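Here's the structure, in C-alpha cells; my notes come after.
The values are calculated or read from the model by the stated rules, or taken from the named source; none is laboratory data. Quick caveat, the model's predicted, so the values are computed rather than measured. For neighbour counting, all protein chains shown are included, and Cβ atoms are generated from backbone atoms with ideal geometry for every residue, glycine included. Note: areas computed on protein heavy atoms with side chains; ligands, DNA, RNA excluded. Shrake-Rupley method; radii C 1.70, N 1.55, O 1.52, S 1.80 Å.
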Amino acid sequence: MKKILCYGDSNTFGFNPADGSRFDENTRWPALLQAHLKNEYEITEEGMCDRTGFIDNPRGFLFSAQRHFPKFLSKSDKFNIIILAIGTNDFQFQYNLSSNAVQKGLAELINTGQKKADKIIIVPPVILRESILNGYFKIQFDETGIIKSKKAGTIFRKLSSAMNCLYFDINKYASPSDTDGLHYDSGTHKIIAEKLADFIKDNC
C-alpha cells in the first residue's frame, strides 16, 4: 500500500467556516481522499489551524512548518506522495512577507520533503475573498493579503516546475466560503477530494 501525507493548515485540518468546528471524516477533503483512493493508498492527515509555512510562527512549534515539518518527517517512514498545502497564513498583515521570502520558504519545505517522498504535490494558497475583510479574520488579513493570495499561484507553479514537483491548482475548482472568505465549506471539500483523487490517479 502506498502512503500519502497531507500536510497543511486549517483547510487541510478541516476548519468549518460556519461554526469553527472541525469537519468530520465524512466531510474534510483528506479523509474523503482516502475514501476515493480506497486501499491503494494510506492517508496521513497533518493539518493545523493557523500554521504558517515560511516564518517562525509566534504561536510555537506545531504552528511553524519551518520547524515542525522536518521534525515530523524525521520520525516518519518514507511517503510515496507528500501533498504540501501551506502558505495562506503567511499572508497575514502582521508578517508582511515578501514574494522572495515566500519563494525561499517554499523551496526549503520542498527540499525537506523530497528527502522523504517519491513525489511532492504542491497546492497553492487559497485565493481569499473580499468577505474576509468583514468577518472574524479581519484581525489577521487585510486587502494586501488578498492581493498576495492572488499572486501566490504564479510563484508556487513556477517553483513546482523548477524543483520537479507536481502542481495541483486547487483554485481552479475551489473557492472559500463567503462566510469567512478563507475556509472551504463542506461541498467544496467534496469537490477538492474528487479532483485531487483524479489528479493522483492520472499523475502518480
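Taking first residues from segment 177-204 that are within 14 Å of residue 40 (Cα to Cα) and of a type outside the set (S, T, N, Q) and partners that are assigned to a loop (DSSP other than H, G, I, E, B) and open to solvent by 10 Å² or more (accessible area, probe 1.4 Å), no Cβ contact under 7 Å between residues at least 6 apart in sequence or on separate chains turns up.
Pairs under 7 Å by beta carbon, first residue farther than 24 Å from residue 41 by Cβ in segment 78-104, partner of a type in the set (Ser, Thr, Tyr) and in a helix (DSSP H, G or I), six or more apart or different chains? What qualifies is 88/149; 91/149; 93/144. Taking segment 47-62 as the range and being of a type in the set (A, V, I, L, M, F, W, C), open to solvent by 20 Å² or more (accessible area, probe 1.4 Å) and under 18 Å from residue 125 (Cβ atoms) as the test, the residues that pass are 48, 49, 55.
When we screen 160, 186, 98, 149 for residues that are open to solvent by 40 Å² or more (accessible area, probe 1.4 Å), under 22 Å from residue 54 (Cβ atoms) and modelled with pLDDT of 95 or more, the only hit is 98.
Might you let me know whether segment 140-148 holds any residue that is aromatic (Phe, Trp, Tyr), out of contact with any strand residue (DSSP E or B) (no Cβ under 8 Å at 6 or more places or on another chain) and closer than 24 Å to residue 21 by Cβ? Looking for residues that are aromatic (Phe, Trp, Tyr), out of contact with any strand residue (DSSP E or B) (no Cβ under 8 Å at 6 or more places or on another chain) and closer than 24 Å to residue 21 by Cβ, one finds at least one in segment 140-148, hence yes. Please count how many residues of segment 1-42 are without any contact (Cβ under 8 Å) to a residue 40 or more places away in the chain, out of contact with any strand residue (DSSP E or B) (no Cβ under 8 Å at 6 or more places or on another chain) and either of a type in the set (A, V, I, L, M) or open to solvent by 70 Å² or more (accessible area, probe 1.4 Å) (or both). Qualifying residue count, segment 1-42: 6. Condition test on residue 130, is it among the acidic types (Asp, Glu), touching a residue at least 12 places away in the same chain (Cβ under 8 Å) and under 23 Å from residue 22 (Cβ atoms)? When the stated conditions are applied, residue 130 does not pass them.
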